[in-house]
Each structure stands twice: as structure tokens, then as C-alpha cells.
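Undergrad: Sharing a structure, written as C-alpha cells. Questions coming.
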Amino acid sequence: MATLRLDQVELLHVQRRLAHPFRISLGAVTAREFVVLRGRADNLVVYGEANIDARPFYASETVATVWDIITEVLLPPLLGRSFGSIEEVCQTWQSVRGHDYAKAAVEHLYWDLLGQIQGESIQQLLGGQGETVEVGTSHSIQADTQTFLQDIESALELGIRRIKIKVQPGWDDQPLAMIREHFGEITLMADANAAYLPEHLDHLAKLDRHEMLMLEQPLPSLDLVHHRELASRLNTPLCLDEGAHDLSMVENAVTFDACKIVNIKVGRVGGLSQAKRIHDWCHARQIPVWCGRRTGSGISMASELALATLPGFRHPADHGIELVQETLDHFVDITQFHRAGAEVRVPVEPGIGVLVDDAMLDRLSLRRLLCESSTHQI
Ligand SMILES: [Mg+2]
């Protein structure tokens, strides 16, 4: 049995510029801020990442909350202590409510550590199969329809086969119709990031005519009642994203016929262990899942792709956008994912299996904090 022990963990508040502003129903972003963890154990360096935002729009967690919870709550019972399994690590925060992105980032350090100690990739540790994962792109809300159509055309020319567009009231039926008119029967889906309300049900029901792969999270995350009502009026399957924040919520939504597909985001559900549990539950009931993405770095991308090789992941993962619309300031070289068409290579080397440029990571950090048994700022 491996002994999992970290003696120090450094938190890095990272800012990365995006090549193009990305607009969803919640607003537009031109740069992403998130938290990277760099842990040390003997001669090994391991990484974790909380790809949340500076502001609590997508999730209630932020860079600031993740920073505080990791330094003050999650790390103190871990540093300098030995654990026999990831499960034992996770038990240390059993009584901590919420803060799933923070937990996922810390857990990730130990998955990377376990993989490096045992000489196994995260894919092997999780039990995934296959060398590649199919990815799709996600296209932001655009004021300029010409640019919008050009972005989609570029993705299709690169071999992407699943196109997702972000929608909101006033930007839904028309862009979907435009896409069908220009590109015919491509695999198309829409994601509302919970932008609609029960009063929009009649309007949402009309989107059925676009014959989408799925409609993702149209209504507020906890509103299973109206998701169920909408599901009964649509042929298009409903998918939960923001609403699928743990296994219990997924069980409720599926049992209640409020969704037919589940988007699993590793951070949102509190880490790879929880993500696998949701996958296993859905797979046993033949509920398709797929791997969602929040823009971050290749650290989280590597383990998310590993997760997406489990057998229940039946739709393309969301990781195409960062590969097609080149994101600036990489500290993980994206060529390590060797894209061919819509297929992305899953890292096979031990741990997360990608090389991190630490000098670049340090340069992109707005602040850093080194946590040991006695924490001090560097
Ligand atoms: Mg989504």
C-alpha cells in the first residue's frame, strides 16, 4: 500500500489571458483567475487546481474562498501526515460542508502523488480505457453573427463534430436556426447556464425544432420541478450541469425524470472520487454522462480527460474550446494533448502525466503562499 504524505503545499493565484472574450448568459470574461496547488513530497512535485473564478457567478466558490478554505481548513490536518489511500485523505474533510472546488484541488494533489508513487497514470488509477477522448467546442454569445458563424466553421474545419452554443433569453432560437441553415445536420447542443425561469417554459419547448443532442441546464440549478415539466414537453434530452453538484442531486434528478444526461465537472462535484461515484451510479442505470469543463490549465484538463475514458462517458467532452481557440500564457504545453481532429490524447505517464513549466506558472501568479506545518507567505 502506498504511503501518501505531503510536507508542503504552495498555493498560486494564477491569472491567464484568453485569446478572445468568452460570453455566456452570466457575462463576459477576458481573463481567467484560478488557483493552482503545487505540493512536494520527498523528491516528487504534484499539482492540483481549482478552476473557479474571481467572482461567484458560475459557482458560489471563488479564488478567495478556495484560498481560505484550503489554507485554514483542508491542509492543516493533512500536511506532514501519512495516509494509506485517497479515501483516507478525503475523510479528513468529511465534516466540512460544501467548498467542492477547494476539496477537488487538494484531492488532486494526492491522485497525482499516488500515480507517481505507483508508476500509474490517473487513467489507470480510475480504471479508464482508451488512448483518446473526443472533444467538442463551446461557442460564446456573440453580438456579431458573422464572427459567431465563422468560429463554428473554423471548429468544424478542424474536425470538431459536436458544437455547443451558449444561450440566454433573446439569444437562442435565432442562432440555433442560423446554425441549422448554414451547417445542416451537425451535432448541436445548447447550454443556458441556468438563464431561464419557469415563465420561459413555452418558449424553451419551441427549441425542440432544432433537434439538438441535448439542452443543458436551462433552469435554476435546484429547480427540479420545472426541469421535469420541461423534460415532459421536449424530445430533446435535458442535461444537468450546475444542478448536478453531488450524487444525491443526480439521484434525485434522474429518479424524478428531470434530466436524461448528466454533465460531470470534477471541481463542481468535489473531486475525482466523487466524479467517479456519479459516473458509476449513472452507468449502472444507463444514464449517459459527459465531462464538462471550466477553463483552467492543462493540470485539470489532464485528469478530466482521464476520467472521460470511463465507459459511461458517452458524449464528447467540453475540452475543445481551449485547444481550438488558443488560450494565452500556457504553463502546460497543450501540444502534450496531441489533437487529431476531434480526438485528444489522454496522458499515459504516471500521475497527471503532463509537464508543467514552473517558471511560467510562477510568472503568471498574482500571489503565492507556502503552507507547511507553520504557514508563512513567500
Ligand atoms: Mg454548462
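None of the figures in this text is laboratory data; all of them are computed from the coordinates on show. Since this is a predicted model, take the numbers as computed values, not measurements. Because the Cβ atoms are built from the backbone with ideal geometry, glycine has one as well, and the counts that use them run over all protein chains shown.
Undergrad: Where the only charges are on Cβ atoms (+1 Lys, Arg; -1 Asp, Glu), what is the dipole of the range 124-345 about its Cα centre, to the nearest 20 debye?
TA: Computed about the Cα centre, the dipole is about 620 debye.
Undergrad: Moving on. If I stretch the segment between Leu369 and Glu153 completely, what's the gain in nm (0.36 nm per residue apart, minus their alpha carbon distance), one decimal?
TA: Additional length available on full extension: 73.4 nm.
Undergrad: So, in Å, what gap is there between the alpha-carbon centers of the range 169-239 and the range 1-19?
TA: Measuring centre to centre over Cα atoms gives 37 Å.
Undergrad: Still on this structure, I have one more. Under 10 Å, Cα contacts only: if you run a Gaussian network model on the chain, which one of Asn43, Asn263, Asn51 comes out with the highest mean-square fluctuation?
TA: In the Gaussian network model the winner is Asn43.
Undergrad: Charges at C-beta only: +1 for Lys and Arg, -1 for Asp and Glu. How large is the resulting dipole of the range 244-378 about its Cα centre, in Debye rounded to 20?
TA: Dipole about the Cα centre, nearest 20: 400 debye.
Undergrad: Right, something else. From the backbone phi of the range 242-256, what are the Karplus-calculated ³J(HN,Hα) couplings (6.51 cos²θ - 1.76 cosθ + 1.60, θ = phi - 60°) in whole Hz, Gly and Pro given as x?
TA: Karplus values, whole Hz, x for Gly and Pro: 3, x, 9, 8, 7, 4, 4, 5, 5, 4, 4, 5, 5, 5, 8.
Undergrad: Quick check for me: using +1 on Lys/Arg Cβ and -1 on Asp/Glu Cβ, what's the dipole size of the chain about its Cα centre, in debye to the nearest 20?
TA: Dipole magnitude for the chain comes out near 220 debye.
Undergrad: Still on this structure, please answer the following. Run the reach check for Lys206 against lysines, Cα to Cα strictly under 26 Å, same-chain hits fewer than 8 apart removed. What comes back?
TA: Lys206 reaches Lys164, Lys166, Lys260.
Undergrad: Let me ask you something else. Identify the trypsin sites (Lys or Arg not before Pro) of the range 234-286 meeting these criteria: DSSP loop state and at most 13 other C-beta atoms within 10 Å of the C-beta.
TA: Within the range 234-286, the qualifying trypsin sites (Lys or Arg not before Pro) (loop, at most 13 other Cβ atoms within 10 Å) are Arg285.
Undergrad: Report the one residue of Ser154, Ala340, Asn252 whose Cα lies farthest in the direction of the positive end of the charge dipole of the range 124-345 (charges on C-beta: Lys and Arg +1, Asp and Glu -1; origin at the Cα centre).
TA: Final value for the positive-end residue is Asn252.
Undergrad: For Lys103, list the lysines whose Cα falls under 19 Å from its own Cα; do not include residues on the same chain fewer than 8 positions away.
TA: Straight-line reach from Lys103, under 19 Å: Lys265, Lys276.
Undergrad: Also, quick follow-up: Quick one: which residues, 5+ away or cross-chain, put their amide H under 5 Å from the amide H of Leu6? H built at 1.01 Å from N.
TA: Hits under the 5 Å cutoff: Gly80, Arg81.
Undergrad: What is the calculated FRET efficiency for Phe256 to His182, with r their C-beta to C-beta distance and R₀ = 30 Å, to the nearest 0.05?
TA: Efficiency, rounded to the nearest 0.05: 0.20.
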